[in-house]
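Visitor: Below is a structure I'd like to ask you about.
The values are calculated or read from the model by the stated rules, or taken from the named source; none is laboratory data. It should be emphasised that the depicted structure is a prediction, and the values quoted were computed from it without experimental measurement. A quick note on method: Cβ atoms are made from the backbone with ideal geometry, for glycine too, and the neighbour counts reach across all protein chains shown.
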Amino acid sequence: MAVRDVVQAAAGVGGGGEYVEDVFSTYLYNGTGSAQTITNGIDLDGEGGLVWAKRRDSGTALHTLIDTVRGVNKQLFSSSTASEYSYPDTITAFNSNGFTLGSDTSTEFINANNALMASWTFRKAPKFFDVVTWTGNSTARTIAHSLGSVPGMIIVKRTDSTANWAVYHRGLTSANHSLLLNLTGAQDETGYFANTTPTDTVFSISSNSVVNASGGTYVAYLFAHDAGGFGDDGEQNVISCGSYTGTGAVGNEVTLGFEPQWLLVKSSSLGENWWLVDVMRGMPVQNYTGAKGIRPNTDSAEATPFGLYPTATGFVLADGGGAINENNATYIYIAIRRPMKTPEAGTEVFTVDQFTAGQTAPSFISDFPVDMAWLRNTPSANTFLATRLLGAGVFKTNTTSAWGASPSFDFDYSDGWNSSTRDSAYYSWMFKRAPGFMDVVAYTGTGVAKTEAHNLGVAPEMMIVKDRDNGGVWGWSVYHKDIGNNYILQLEASNAKSGPSSSYWNSVTPSDSVFNLGDVRTNWSGTSYINYIFASCPGVSKVSSYTGTGANLNIDCGFSSGARFILIKRTDSTGDWYYWDSVRGISAGNDPYMLLNSTAAEVTSTDYIDPLASGFTVTASAPAALNASGGTYIFLAIA
């Protein structure tokens, strides 16, 4: 797989509180063997924290952990009992927005030339993460911490001498039990943590040399559990340290109350590997055996050994293996929430890029992790739509065909997507999931009216649903608030709205936490679906409608610098799905458009829309499909 030079996982601005994006980042990059700065938005210089990095494509490269308390270039290795190792050119500086790598040429560490790297950065923050050091005295005692809540998991390593990595977790049988991060063994009553449950100010250690040898030096990494403290209201959880029981069956679901972006899992009752997975490297729903796991207890390269994927409220174990889901086995985990900030500008969540000759992967560049994208060339062609949540593969918006796997339609980047070679006739329209703007939900139909959870945070105003594995049966179903909860439009067709029927949305308008499904088209029993959900986000996006006049018609979206993207569909009569963007041109003259429901080539000789600071103008020269007097139209516009 190809990874661009530097790839960011968690980014975004907005809101008035603290957010998971402020304290955690998964960040993928290419090693260069030369000094480079990794900008992931995490303030390590002012707040402190930990960088954990691993080469993905090598079976001999070490997991490297470097924290701000011990200092730059001081490495620990999670698969090894070795003491702290000082190598001069690993992390040479902790910055206000990331960290700096030195000219490391070792293939075992974190910046070897052409190495495919993953890093996970944890910022010190109350109710999320803390780093503590001490000198041992061989006497059972307590160690103070600043987590501001009861730790859910604690990892301890002796730094001046060889020792195992001792792990406390609230999901183990008792506080006298522990695991070892560098080994596969089940929990054992080693007593490292003095059989005492930690508090919101201290944790206990025994006299054992693994955690408290006289004169020995130690570091502990503390992880919070369901402590709140984040989000606009300061009450949202962003990290959970829990446990579950395996079933041995596909579909075992663990509820967190949030959608995870990062998971560390270990069986506490079996001798199994630790597994670390994240959505940036891949936890696909469609090809669920493709979860890309890394084992902290080994130096092995990234592997795809099992099925595990996120839901809007937790994660699903999609196989019955001992690694994560042996029947009646017990497992512990750390889960970290996906990004949660509401965007303040359209450029944070949407962009259009034209392929550039010689471009290395990713083929199309963005300034954010891409969660959904479509691409097509401007001559006659299909429009291909792909989704991070489904993995490498595509739909066609102009047909009813099922999702199909395609390795080059991949999302193993955070500054773009796709790894195929194109030409300059190709463009891509890229979207990022964000509260108030867009969400993506995968679900399985039951044939019985039901609700599904989403994380949009506001009521969906437009939903685009597709059955993933029954192409040609139902096609695309589009909900829009202004045609109502008994009607649909079809993305692949020019038809007017269809309905009324309760079989689409169960005649219920979606809420800020769930959307409703009927009993057939959007919810056929046993059928897999994907739902792309949009809403009006002030200054960012507008989902609305208008009535045509046949004359110039100004559409006010509440923007300040006009719309960069416009999608329009007539609802009371036939009309194509027209779209424009500012990269190909939205001007006072001719504006190139294409159609989502057609392979027709781009049209460049018409002036159907004009720019407007607050939104856009539909011109008097627009056809009936866009501006017939008395006609009704829905649209999605992005600033």
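Visitor: Which pairs do you get when a residue that is touching a residue at least 12 places away in the same chain (Cβ under 8 Å), found in the stretch 309-329, comes within reach of a residue that is of a type in the set (Phe, Trp, Tyr), reach meaning Cβ atoms under 6 angstrom, with the pair 6+ apart or on two chains?
Guide: Filtered contacts from the stretch 309-329: 309/288; 316/309; 318/288; 319/306; 321/306; 323/306; 324/306.
Visitor: Taking the condition of being surrounded by fewer than 19 Cβ atoms within 10 Å (Cβ to Cβ) and touching a helix residue (DSSP H, G or I) at 6+ places or on another chain (Cβ under 8 Å), how many residues in the stretch 161-213 meet it?
Guide: Adding up the residues that qualify gives 1.
Visitor: Right, next: Residues in the stretch 140-194 that are part of a strand (DSSP E or B) and closer than 22 Å to residue 265 by Cβ: how many?
Guide: Of the stretch 140-194, the ones part of a strand (DSSP E or B) are 141-144, 151-158, 166-169, 178-180, 188.
Going one step further and asking which of them are closer than 22 Å to residue 265 by Cβ, we end up with 151-157, 166-169, 178-180, 188.
Number of matching residues: 15.
Visitor: Report yes if some residue within the stretch 129-138 is surrounded by 22 or more Cβ atoms within 10 Å (Cβ to Cβ), in contact with a Phe, Trp or Tyr (Cβ under 8 Å, 6 or more places away or on another chain) and in a loop (DSSP other than H, G, I, E, B); otherwise report no.
Guide: no
Visitor: Return yes when residue 572 is surrounded by fewer than 20 Cβ atoms within 10 Å (Cβ to Cβ) and under 25 Å from residue 598 (Cα atoms) and no when it is not.
Guide: yes
Visitor: Another question, then. Say whether the condition of being touching a residue at least 60 places away in the same chain (Cβ under 8 Å) and surrounded by fewer than 21 Cβ atoms within 10 Å (Cβ to Cβ) is met by at least one residue in the stretch 527-534.
Guide: yes
Visitor: Does residue 417 fit the bill of being among the hydrophobic types (A, V, I, L, M, F, W, C) and farther than 27 Å from residue 537 by Cβ?
Guide: It is false that residue 417 is among the hydrophobic types (A, V, I, L, M, F, W, C) and farther than 27 Å from residue 537 by Cβ.
Visitor: Using the structure shown, decide if residue 483 is of a type in the set (Val, Ile, Thr), part of a loop (DSSP other than H, G, I, E, B), in contact with a strand residue (DSSP E or B) (Cβ under 8 Å, 6 or more places away or on another chain) and closer than 29 Å to residue 612 by Cβ. Talk me through it step by step, then tell me what you get.
Guide: Working: of a type in the set (Val, Ile, Thr): yes; part of a loop (DSSP other than H, G, I, E, B): yes; in contact with a strand residue (DSSP E or B) (Cβ under 8 Å, 6 or more places away or on another chain): yes; closer than 29 Å to residue 612 by Cβ: yes.
Taking the combined requirement at face value, the residue satisfies it.
Visitor: State whether one or more residues within the stretch 450-457 are touching a Pro at 6+ places or on another chain (Cβ under 6 Å) and outside the structural domain of residue 511 (by TED's automatic domain parsing).
Guide: Residues of the stretch 450-457 touching a Pro at 6+ places or on another chain (Cβ under 6 Å): 457.
Restricting the remaining residues to those that are outside the structural domain of residue 511 (by TED's automatic domain parsing) gives none.
No, the stretch 450-457 contains no residue that is touching a Pro at 6+ places or on another chain (Cβ under 6 Å) and outside the structural domain of residue 511 (by TED's automatic domain parsing).
Visitor: Would you call residue 99 within 28 Å of residue 148 (Cβ to Cβ) and more than 23 Å from the chain's Cα centre (by Cα)?
Guide: Judged against the criteria, residue 99 is not a match.
Visitor: I would also like to ask the following. Find the residue count for the stretch 202-212, including only residues that are within 23 Å of residue 146 (Cα to Cα), of a type in the set (Gly, Ala, Ser) and not in a strand (DSSP E or B).
Guide: 2
Visitor: Residues 345, 303, 329, 335: which one is of a type in the set (A, V, I, L, M) and crowded, with 22+ Cβ neighbours inside 10 Å?
Guide: Values: 345 fails: crowded, with 22+ Cβ neighbours inside 10 Å; 303 fails: crowded, with 22+ Cβ neighbours inside 10 Å; 329 fails: crowded, with 22+ Cβ neighbours inside 10 Å.
Just one listed residue meets the conditions, 335.
Visitor: Please work out if residue 199 is in contact with a strand residue (DSSP E or B) (Cβ under 9 Å, 6 or more places away or on another chain), more than 18 Å from residue 152 (Cα to Cα) and in a loop (DSSP other than H, G, I, E, B).
Guide: Details: in contact with a strand residue (DSSP E or B) (Cβ under 9 Å, 6 or more places away or on another chain): yes; more than 18 Å from residue 152 (Cα to Cα): no; in a loop (DSSP other than H, G, I, E, B): yes.
Answer is no for this residue.
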